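Inspection log for the structure reproduced underneath, given as structure tokens.
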Amino acid sequence: MNKQTTSMSFLHSNLNISHEEGINLESIWNFFQTHFIIKHNSNLENSIADIYITNNKYGNDNLFNNYSEVYLRKSASDFFTIKAKKSETEKKEYILIEETGTLLIFNSYLKEITICLNSNLAKKDELTIIELVRDLVLKNEENRGVLVLHATSALKDGKVSLIIGSKGAGKSTTLLEFVKKDHYQLMSGDKTFVWIQNGELFASGWPDYPHLGLGTISKYPDLINKLQLKDQIENNLDDIWSTKHKIAVSPEKFKEVFNCTEAGLTAPVEKIYYPKLQDSKDCDLTAIENDMELICPHIESLYNADGNYWNNFIELQRSHLEYSDILNALENINAYKIEGNGIIDNYLTSKWGVYLESFKVHSKGFGTEIDITDKIKKSLSNNDKDGIMKIYSPGSTNALVIMRYEKGVVEDFKRTLENIAPKNYLYDHQLTTDDDNGFAHIYSMILGNYVLLPYRKKEALISDTHRVVLFDFDLRNSERTIFVDL
């Protein structure tokens, strides 16, 4: 019998899927075509698996005398739940889908998977094939050093913004506001893949069923019509923003309504947004310091220490705990918190473009000087414009200067300050507050706690002998925050 072969490519993963004539896989191609490169009548070398789909029955009367129950996918929705029986021989694994009777035969030695349909291709069979492809690619990409984040993502000016948050935080709402009101392209509606490429953090979208609340959907008439949800929305206006009204939307429906990136596109990561949306009249954007505690709860991995998987066709070789290079890169990405109703207006869209980074340095005080030039230069690593940056350190007992940074100049500088405002003088500040750091406040007011520095793309226009230096004149240890505004 004639068979047709279609190749699928995603990042580091190639697949070949062959099927007999009369088996219609159009829904499979539609699901994956948002992010995979799909070529019909094509067969790729170095595939992670060759999959063959047939209507021929496979004699399985004795295969499942001894079996274990597994789930290809377990969901709160019966529609997405796929329960099966699993048995193994020395060289093969067998998975029998309970609802349809379809049999999957895995031969990892030959890198072949056969899918024997029990009848015409049912909807549950389509979901089974989708889940199989997802499982194979996810495992292979993890083995290749790719990290999966539970994050939506959008693209603008060739750079990716990640939107990270727990269920109900407002990831999808924020994503669609970006796309509809600030000219972003939708990259991913549920998961985003990140990895290091040539020393830079890159990202890719992933086809999935993002779950949107009725409240979010109600803001977009085109999406309401596409999903035929007008009546359902009108019947649930009283609690339309409740998380109980989540609906799974296929990625191809998204692409029909919203401006999306092309399949196969990857791009460097520029920003991370953490939405925390709620019922409010306002919405605001605040720069925050990114850290592991914000990122790690949203890492997704198939890795199990006990090795218990529904199939073992591809063996996972590492866990995300080993991905320190990616996590460090994520931690250094500029991060912002979005709070309020999530509605983007002209004021907020003007703030999206602000590239504001912050970092902290530990100071021992008592005239300590700290060279922060290299940390400042890191803020230019993703920059492609020219301008003047403002470097600012909040406080009233500290100062920022650009100076010829060598021991002699530092001592001359401190001696000059001592002559202007001696430390042992009794200042009125001490009389009114009982703080004996009056001189430190005077030094800070004289010197100022911000400096301006020109830059050209990724280069700070400062000589090798001149540095940006933080002075801390307070009489105690402290942690100082530095903001860099491009």
| Rounded to whole Hz, the Karplus (6.51, -1.76, 1.60) HN-Hα couplings of the stretch 232-237, x for glycine and proline | 5, 5, 5, 7, 10, 5
| query | By how many degrees, 0 to 90 and rounded to 10, does the Cα axis of helix 438-447 deviate from the longest principal axis of the chain? | reply | 70 degrees
| note | Rounded to the nearest 10 degrees, the helix 171-181 long axis (Cα) sits at an angle to the longest Cα principal axis of the chain of 80 degrees
| Can you sort Met389, Met403, Met187 by how many other beta carbons sit within 10 Å, fewest first? | Met403, Met389, Met187
| query | Length gain on complete extension for the stretch Asp78 to Lys39, per 0.36 nm per residue less the alpha carbon to alpha carbon distance? | reply | 10.8 nm
| Rounded to whole Å, sorted largest first: equivalent-ellipsoid semi-axes of the stretch 45-93, Cα gyration tensor | 22, 19, 13
| note | Among Leu447, Gly264, Gly59, the residue whose Cα sits farthest towards the positive end of the charge dipole of the chain, when +1 is placed on the Cβ of each Lys and Arg and -1 on the Cβ of each Asp and Glu, is Gly264
| task | Specify the inter-centroid distance of the stretch 184-259 and the stretch 20-40, based on alpha-carbon positions, in whole Å. | result | 21 Å
| field | Chain lengthening between Leu452 and Phe366 when straightened (0.36 nm per residue, less Cα-Cα) | value | 28.4 nm
| request: Would you calculate the separation in nanometres between label points at Lys230 and Asn143, each defined as 7 Å from the Cα along the Cα-to-beta-carbon direction? | output: 5.1 nm
| What residue among Asn308, Leu104, Gly438 has its Cα farthest toward the positive end of the dipole of the chain, where the charges are +1 on Lys, Arg and -1 on Asp, Glu, each on the Cβ? | Leu104
| task | Write down, largest first, the equivalent ellipsoid semi-axes of the stretch 356-485 in whole Å, where each equals the square root of 5 times an eigenvalue of the alpha-carbon gyration tensor. | result | 29, 16, 11
| Over the stretch 3-143 - Rg/Rh using Cα atoms and the Kirkwood inverse-distance radius | 0.94
| request: Pull out the extension gain between Trp241 and Glu331, defined as 0.36 nm times the separation in residues minus the alpha carbon to alpha carbon distance; nm, one decimal. | output: 29.2 nm
| Binned Cα-Cα distances of the chain, short to long, each 20 Å bin given as a whole percent | 20, 43, 25, 10, 2
| query | Roughly what would the spin-label model give for Ile343 and Phe483, points 7 Å off Cα along C-beta, in nm? | reply | 2.7 nm
| field | Hydrodynamic radius by Kirkwood, which averages 1/r over all alpha carbon pairs of the stretch 54-120, in angstrom | value | 12.6 Å
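Any read-out appearing in this document is the output of simple, stated calculations on the displayed coordinates, not a laboratory observation. Predicted model only: the values in this text are computed from it and were never measured. All Cβ positions, even for glycine, are placed from backbone atoms using ideal geometry, and neighbour counts span all protein chains on display.
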